[in-house]
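Scroll down for the structure; my scribbles are underneath it.
No lab work stands behind these numbers, since they all come straight from the coordinates. Predicted, not measured: the structure shown is a model, and the values here were computed from it. Ideal geometry is used to build each Cβ from the backbone, glycine not excepted, and the neighbour counts take in all protein chains shown.
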Amino acid sequence: MKKLAIIGILILAVALTLAMVLPASAAVTQNEKVPMDRWVWVECANNGNGEWVHLTGDLHVLFAVTDDGAGGFHVKWHFQPQGISGLGEITGDKYQGTGVTQGQFNAKPPFPYEETYVNNFRIIGPGKGNNLLVHQNLHITINANGEITAVVDNVKVECK
């Protein structure tokens, strides 16, 4: 619960910063490809012994911010791997990075605040049992008094 409050405070800090730089009713959209170069631990790989996989490629990033003109902000984001692949450090097996992460938050600083986030992160390897599947959905609502009134955080990690 403390972690969620900290996340909420950080996102509110971003919203407050935007409040100082955006005119009323402004919309800002960023749509970019960002190079990715990361080592990821895939616990399913190497016959269940796990191995590091070096992933490279582009991450499509879409980020939209709207000031509603009444002191509130609406922010949406979307991340999606495009052409991300890599090799297992031990086995040399080829892996593909797939999935999508998206979310949104609405805030009228300092409160109320509402956020929803869904992450589907997959690293797909050859054969059966080499696929790492991560799914998370998160929702938090903070009322105008700064009280957390709803929290849902479900995380599922599977090897298939």
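Pairs to check: 33/94; 33/160; 128/160; 94/156. Give those whose C-alpha atoms are more than 18 Å from each other in this structure. Write out the running numbers ahead of the final one.
Working: 33/94 22 Å; 33/160 29 Å; 128/160 6 Å; 94/156 24 Å.
The pairs that break the limit, which is 18 Å between Cα atoms, are 33/94; 33/160; 94/156.
Based on the Cβ-Cβ distance of residue 150 and residue 49, what FRET efficiency does E = 1/(1 + (r/R0)^6) give at R0 = 35 Å, to the nearest 0.05? Working shown, then result.
Details: r = 40 Å, r/R0 = 1.15.
In this case the efficiency is close to 0.30.
Would you mind ranking 124, 90, 142, 84 so that the residue whose beta carbon has the fewest other beta carbons within 10 Å leads the list?
On the way: 124 17, 90 13, 142 23, 84 20.
Final ranking by Cβ density, sparse to dense: 90, 124, 84, 142.
Could you pull out which residues in segment 130-147 have an amide N less than 13 Å from a spot 7 Å beyond the Cα of residue 157, following the Cα-Cβ vector?
Flagged as within label range: 132-136.
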